[in-house]
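These notes are about the structure you will find just below.
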Amino acid sequence: MHYLLMYELAPDYLARRPEFRSAHLALARAAHARGELVLGGALDEPVDTAVLFFKGDTPKAAQDFANADPYVKNGLIKSWRVRPWNTVVGDNPAIKL
């Protein structure tokens, strides 16, 4: 199954990000190395949302990531949610038609 972790970014996200970016990226790289995080990044113009694409049997990896993320812990993220993503086309879709 695939899951999207969606962040709503705080208005001062870009100004405050440098202080926490190394720790956030270390967390992301570790999740990627475990095979949980496929891709992630912030949307541009406006920079108000970030999306991280996870794979797994449950949404737990995405939820655990958000709960451990220094961006979340330090208020750079206004809110977050995890949504199942029913992928059907592309590399290794979750649903085979």
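If the condition is being among the β-branched types (Val, Ile, Thr), in a strand (DSSP E or B) and within 15 Å of Ile77 (Cα to Cα), then segment 8-60 contributes Thr49, Val51. Please verify whether Leu5 is in contact with a helix residue (DSSP H, G or I) (Cβ under 6 Å, 6 or more places away or on another chain) and part of a strand (DSSP E or B), treating the condition exactly as stated. When the stated conditions are applied, Leu5 passes them. Note on segment 41-70: among residues that are farther than 15 Å from His2 by Cβ and in contact with a Phe, Trp or Tyr (Cβ under 6 Å, 6 or more places away or on another chain), the one that is surrounded by the fewest Cβ atoms within 10 Å (Cβ to Cβ) is Pro70. Residues of segment 78-97 that are surrounded by 14 or more Cβ atoms within 10 Å (Cβ to Cβ) and under 11 Å from the mean Cα position of the chain (by Cα): Trp80, Val82. Checking the stated criteria, Arg17 turns out not to satisfy the condition of being over 21 Å from Val88 (Cβ atoms), free of Cβ contacts under 8 Å to residues at least 40 places away in the same chain, over 10 Å from the mean Cα position of the chain (by Cα) and surrounded by 12 or more Cβ atoms within 10 Å (Cβ to Cβ). What about Ala30, is it on the phi < 0 side of the Ramachandran plot and surrounded by 13 or more Cβ atoms within 10 Å (Cβ to Cβ)? Yes, satisfied.
All of the numbers you see were taken from the coordinates with simple rules; none came from a lab. Note that this is a predicted model, so its numbers are computed, not measured. Heads up, the Cβs are rebuilt from the backbone with ideal geometry, glycines too, and the neighbour counts pull from every protein chain shown.
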